[in-house]
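Inspection log for the structure reproduced underneath, given as structure tokens.
The values are calculated or read from the model by the stated rules, or taken from the named source; none is laboratory data. Bear in mind the structure is a predicted one, so any value in this text is a computation, not a measurement. Cβ atoms come from the backbone with ideal geometry, glycine included; neighbour counts cover every protein chain shown.
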Amino acid sequence: MPSYEFVPPGERPKKQQNSDAPKSPTKPELSLQERFDLGASHREKVTDWLCQGFVAGTAKCCIIGPGCGAHLNLTQLLDHFAEVQLIDVTQEGLDLNLQAQSIDAEKLQTDVLSDFAGIKTVLGQLQKTSATQELKFHDVQEGIEAAMHLAPWPVAGKVDIVLSTEGLGMALSATAAIVGHQHPSLPDFHHAIRLTHAREILRILKPGGYGILVNQLMSSKVMPSLPNIPEEKLDWVMSEVIQKNGGPTGTSPTQIRDLLLHDQAIKHELAHVHMLTPWIFDTGPVQFAMSGVSFCKASPPDPATSEKEAIS
């Protein structure tokens, strides 16, 4: 039976240098287009999730996060939605993905959110402090308080569906690196960032609109056997590996689902929450097991219906 194991970096065997050993032929580096084509099934899956349930030409969608264009078939989105807005974290990443899909940028609403609503500034201040002294309890608490009051995303008006691609994961990983994985306040810090992220999605959604959060669950760099896992076993294997070795820093789909279902600040705004079955995103040099959570923003109660229920 094949073994699908997570290999911690410190336990990976070092490659022995042998000058007499024949050198393996160097694989030609993949072009941008070749790497992009390998991710076609991933983009098809995510794009279909966005388009489902909306009549063509009637809805507005917003996609936000690092390299967000790489996760989507932009031509299909433009054909299906009345408005499409991409918000990347760099202009370079935005341009690169538009180029790979031969999309005219004028057909899209685009924006760059390099500081991701201010979290980079918050973490930068903590990093500056940690460079000269050990972070005190009040330092981290100030960071948590700031993370609860980040700037709004640059989205004009309400949209029908929002896709967040990996920006949450980047913020959570950076927080752990700066604060320290063992810091007792790290779970609270992560909770504050996740909660603010979810609130912002809910803020820009129309009632009845949908939010989808997509993040990396595991990569072939830390789990070399990942590309060999049959798709039908991926969910089971990922669950086993995460239970045994721990999952991604703060972006476990279970953590996000539990936040949405149970946090007093937002649970009343949600109609339902659904965890997406893990899938593979092949980028060429590296394969990623992706995870996701989708949710629906609750519609306000119908006043007429509420009045009838009160009378009865």
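Below is a table of values for the structure above.
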| item | result |
| --- | --- |
| Hey, Ile311 surrounded by 14 or more Cβ atoms within 10 Å (Cβ to Cβ) and either modelled with pLDDT of 95 or more or not charged (D, E, K, R) (or both) or not | no |
| Condition check for Leu163: in a helix (DSSP H, G or I), in contact with a helix residue (DSSP H, G or I) (Cβ under 9 Å, 6 or more places away or on another chain) and modelled with pLDDT of 90 or more | no |
| Where a residue in the stretch 192-221 is without any contact (Cβ under 8 Å) to a residue 60 or more places away in the chain and its partner, wherever it lies, is surrounded by 24 or more Cβ atoms within 10 Å (Cβ to Cβ) and of a type outside the set (A, V, I, L, M), with Cβ under 6 Å and at least six apart | Ile201/Gly211 |
| Strands (runs of 3 or more DSSP E) wholly inside the stretch 20-138 that include at least 2 residues being in contact (Cβ under 8 Å) with a residue 40 or more places away in the chain and either aliphatic (A, V, I, L, M) or touching a helix residue (DSSP H, G or I) at 6+ places or on another chain (Cβ under 6 Å) (or both) | 60-64 |
| Residue within the stretch 82-105 that is farther than 26 Å from Ile193 by Cβ, modelled with pLDDT of 90 or more and out of contact with any Leu (no Cβ under 8 Å at 6 or more places or on another chain) present | yes |
| When residues of the stretch 84-109 are limited to those that are under 22 Å from Pro152 (Cβ atoms) and surrounded by fewer than 17 Cβ atoms within 10 Å (Cβ to Cβ), the one farthest from the chain's Cα centre (by Cα) | Gln109 |
| Listing of helices (runs of 4 or more DSSP H) fully contained in the stretch 177-266 that carry 2 or more residues being in contact with a His (Cβ under 9 Å, 6 or more places away or on another chain) | 186-204, 253-262 |
